[in-house]
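Since the structure comes first, as structure tokens, the remarks are kept for the end.
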Amino acid sequence: MAAKKPKLAVWKFASCDGCQLSILDCEDELLTVASAVDIAYFPEATRAATRGPYDLSLVEGSITTPHDAERIHQVRRQSRYLVTIGACATAGGIQALRNFRDVKRFLSIVYARPDYIETLSKSTPIAEHVFVDYELRGCPVNKYQLLEVISALLNQRKPVIPNHAVCVECKLRQHVCVMVARGTPCLGPATQAGCGALCPGYARGCYGCFGPKESANPPALSAGLVRLGVTEDGLVRAFRSFNAAADVFRRESELHERPNP
């Protein structure tokens, strides 16, 4: 009798679906994944669904509504392992820009009937609501890192994911440093590796898609960016992108923000 395959579920909360598409973008590897696990719930890929419990749940997206704040607890209860994937799930995502303003003002401007909208004042990562077994960052996630996490957890070992800065990836790929050679502002020194130094490879500064690296030093980076001519407003914008609510990026942006009149 064949061994029962572990059940994999993929869940969506407030997000753009890009990290879920990274799973489908595995292409050649996807057939191997499908042969190793039972893809029990994955609306992005199939309408077929199998009831839980699930051995591994991958969760994309942040919590932005009262309904989702309840739903994530349901997901956690029926998941042996829960892994958050992407900037939205691990740091609140681009929608966490609402966290720095009064969301009611946005509702009154965007929607003709804001009284129909049920939303929370902040966009928060999954880990602020339930226990998370592992966080995989990126906007979107690196598909090879995603495969490593799936393989590691299903085989009961620790995932091997690099925690060094994007600068290391630049050196490994022999990219010229855009800050040193061109004076281009770049978040690479404070950002976790994972993208393959994509933007610096095209002579663009890093935008911080993978969030702050371990032991990041944003104040030192800000001092260097000021020497390149970046203004206080520019520093706020630099740290408020895909990972605006990530703790060290949030604190650094708030240091340079002018008080509201």
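Taking Cα atoms, how many degrees apart are the long axis of helix 218-227 and the longest axis of the chain, rounded to 10 and kept between 0 and 90? The angle comes out near 40 degrees.
For LYS143, the lysines whose Cα comes closer than 18 Å to its Cα, not counting residues fewer than 8 places off in the same chain, are LYS12, LYS158.
Dividing the mean sequence gap of close Cα pairs (under 8 Å, 6+ apart) by how many residues the stretch 1-123 holds gives a relative contact order of 27 percent.
May I ask for the Kirkwood hydrodynamic radius of the chain, worked out over all distinct Cα pairs and given in angstroms to one decimal? One over the average 1/r among Cα pairs gives 19.6 Å for the chain. Extension gain for ARG182 to ALA112 (0.36 nm times residue separation, less C-alpha to C-alpha distance): 20.6 nm. Applied to the stretch 43-48, the Karplus parametrisation 6.51 cos²θ - 1.76 cosθ + 1.60 on θ = phi - 60° returns per-residue 3J(HN,Hα) values of x, 5, 10, 7, 7, 5 Hz, with x for Gly and Pro. Our note on the geometry: Cα centres of the stretch 68-146 and the stretch 178-253, 22 Å apart. Calculate the FRET efficiency for ALA45 and PHE131 from the Cβ-Cβ distance with a Förster distance of 22 Å, rounded to the nearest 0.05. Step by step, r from the Cβ atoms, then E = 0.25.
Label positions at SER151 and ASP102, each projected 7 Å from the Cα along the C-beta direction, are separated by 5.2 nm. Relative contact order of the chain: 17 percent, from C-alpha pairs under 8 Å at least 6 residues apart in sequence. A straight Cα-to-Cα reach below 17 Å connects LYS122 with the lysines LYS104, residues fewer than 8 places away in its own chain not being considered. The magnitude of the dipole of the chain, with charges of +1 and -1 set on the Cβ of Lys/Arg and Asp/Glu and taken from the Cα centre, is near 140 debye.
Over the chain, what is the percentage of antiparallel beta bridges among all DSSP beta bridges, to the nearest 5? Around 25 percent of the beta bridges assigned by DSSP in the chain are antiparallel ones.
Full extension of the chain segment joining GLN78 with LYS158 gains 26.6 nm, where the gain is 0.36 nm per residue of separation less the Cα-Cα distance. Take every DSSP beta bridge whose two residues both sit in the stretch 7-154; close to 20 percent of them are antiparallel. Normalised radius of gyration (Cα atoms, divided by 2.2 N^0.38 Å) for the stretch 208-261: 1.07. Karplus-based coupling profile of the stretch 186-194, in residue order and whole Hz: 8, 8, x, x, 10, 10, 5, 5, x, with θ = phi - 60° in 6.51 cos²θ - 1.76 cosθ + 1.60 and x standing for Gly or Pro. For the stretch 118-245, the calculated P(r), taken from all Cα-Cα distances in 5 Å bins from zero up to the bin holding the longest distance, is 2, 10, 18, 20, 19, 12, 9, 6, 2, 1 percent.
For the pair LYS5 and GLN174 in one chain, pulling the backbone fully straight at 0.36 nm per residue adds 56.6 nm over the alpha carbon distance.
Picking from VAL110, VAL236, VAL226, which is most flexible by a Gaussian network model of the chain using Cα springs under 10 Å? Evaluated over the chain, the most mobile residue of the options is VAL110.
We did not get these values from a lab; they are worked out from the coordinates using the rules stated. Here the structure is a predicted model, which means the values were calculated and not measured. We place every Cβ from the backbone using ideal geometry, glycine too, and count neighbours over all the protein chains shown.
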